[in-house]
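One structure is given here, and the rest of the page talks about it.
The values are calculated or read from the model by the stated rules, or taken from the named source; none is laboratory data. Quick caveat: nothing in here was measured; it's all calculated off a predicted structure. All Cβ positions, even for glycine, are placed from backbone atoms using ideal geometry, and neighbour counts span all protein chains on display.
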Amino acid sequence: MKFPMNMINSFKKISVHKTVFAISLLIGLTISAIYTKAQIPEKPQELQQYLHKALESSPEIRAAVYAYEAQLARLPQTGLLPDPEVMLGFYANPENGGSFPGRFAFGVQQMFPWPGSLSTEREAEQLRARAALFNLHSVMQEVLEEVEQRWMDYYYFEQVVLLMDRQLELLEELIPVAESRFSSGIGTQADVLRLEMEIQRMTTMVLNHHDQIKPTLIAFNNLFERSNFELISIPDTLAFPDLNYQDWELLRLARQQNPELMALEEERRSYEKNRELARISGLPDFSVGLEVMGRDYAGMMLMDKEAVVAQVGIRIPLQRNRYRAAQNEAMQRANQVRSTSDSRIAQIESELISLYKLLRNQERNSLLYSREMLPRAHHIYELLLEAYANGNASLDEILQIQRDIIDYKLQVHESAVEGWKLISRIQSLTGSFDISEKAPQAEQF
């Protein structure tokens, strides 16, 4: 799958020799992305289809692509010689002018910057283009993270409603049992009334959760410019994700392929190139020119043929403070970006460590409730249900174990959802979302 043609046409228009630097740009990313993808748990098919759609139709990604195209369009504008100057002269009233064409003079002049200035300017612009590419990748990672987060919220609310519906069914199944106990003199009518009250309470809770789903549904659909109430596909169950990484490996991945950090690094290098360019700008520029003057031009009537004059010029940069200030500005900009990058690395690493700890906590919770608490609660419920029918258990015990079962199931779903949301955030920070099918490739420069 590719970007829409109107988004990538400009990539193909830019000559390859202008952007040879980009050939190696994504080689390392591709290798690390393949390795990373193998370690990240596979997403549900229902979610994967929305991730693909987000890369195709997200307005935020589209805006980032346009910004990237605009930066790419600057590449053919840099590293070129200045336009040559052409001069025409006309001597209106020569003394005893013999020929009218001889009154004309023609000249051409070309300025040549100091050697290395054009290549340095081109390299600085190429680094800015690389930074723009990584900024685009960063936007893609953020959009995919938001898609996953909102999809998980919708899945959780749907599971809550399904569990409450199941709770209503269990309560309704208890009414005949309570009525039978009352008829046989084992129980009281209070049990029937309490069951009816519990059913009403649970019905209200279901309606409230239905209202909670609507804002989540609308927010999710807005990510794709879909109609507000278009339904979202979700699986029946969602297993807890298994992340085959240690915390120190996540830190390494973030330093290697976080697109935000990579963009900052390219921006810093571009400022260093700007500093070099400012230094070179303080060196002389040269010009070479040629002028042809007619025989009658400006008092040259005695000449038998046109005069040809070669010219060589030099621009002497006298305002040294200007160039020193430009170098200092570029140096300070590079230092600023370096400090920003160091601060961002510290923030990312701290967040990754916290995310990893939370993920392991959620994994332990998932195992506790799914393998220990739920099986035992179901067994207790069966025993209490039989005892209640025989008059050996109270309704309070039945209602309490039902609530416990619902709570444990919600804990299982919540742990799975929170686990996947943590995985999503980890992927965004480590640049591990698979964007290879949609991101601009080196061949498109």
Margin query: Among the residues of the stretch 355-369, are any out of contact with any Gly (no Cβ under 9 Å at 6 or more places or on another chain) and small (Gly, Ala, Ser)?
Written below: no
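Just for helices (runs of 4 or more DSSP H) wholly inside the stretch 1-104: which have at least 2 residues that are at pLDDT 90 or above?
Numbers: elements: 5-13, 27-39, 45-57, 59-72.
So the answer is 45-57, 59-72.
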Margin query: Which count do you get for residues in the stretch 171-193 that are buried (at least 18 other Cβ atoms within 10 Å of the Cβ) and hydrophobic (A, V, I, L, M, F, W, C)?
Written below: 5
Item checked: Test set (1) over 29 Å from Lys273 (Cα atoms); (2) surrounded by fewer than 22 Cβ atoms within 10 Å (Cβ to Cβ); (3) not basic (Lys, Arg) - Leu144 fails condition number -> (2)
Notebook entry, point to check: For residues in the stretch 294-325 being closer than 13 Å to Gly107 by Cα and exposed (fewer than 10 other Cβ atoms within 10 Å of the Cβ), which is modelled with the highest pLDDT?
Noted result: Val312
Check: Of the residues that make up the stretch 217-230, is at least one closer than 28 Å to Leu136 by Cα, of a type in the set (Val, Ile, Thr), buried (at least 17 other Cβ atoms within 10 Å of the Cβ) and within 26 Å of the chain's Cα centre (by Cα)?
Finding: no
Next item on the list: Filter the stretch 113-134 down to residues that are in contact with an Asp or Glu (Cβ under 8 Å, 6 or more places away or on another chain) and either of a type outside the set (A, V, I, L, M, F, W, C) or at pLDDT below 90 (or both), then give me how many there are.
Entry: 5
Next item on the list: For the stretch 143-161, indicate whether the set of residues that are more than 30 Å from Arg201 (Cβ to Cβ) and out of contact with any helix residue (DSSP H, G or I) (no Cβ under 6 Å at 6 or more places or on another chain) is non-empty.
Entry: yes
Next item on the list: Please find, within the stretch 390-407, the residue that is nearest to Met164 (Cα to Cα) out of those that are of a type outside the set (D, E, K, R) and buried (at least 16 other Cβ atoms within 10 Å of the Cβ).
Entry: Ile406
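List the helices (runs of 4 or more DSSP H) inside the stretch 188-293, counting only whole elements, that have at least 1 residues being in contact with a Gly (Cβ under 9 Å, 6 or more places away or on another chain), within 29 Å of Ser339 (Cβ to Cβ) and modelled with pLDDT of 90 or more. Spell out the reasoning first.
Numbers: elements: 189-222, 247-257, 259-281.
Counting at least 1 such residues, we get 247-257, 259-281.
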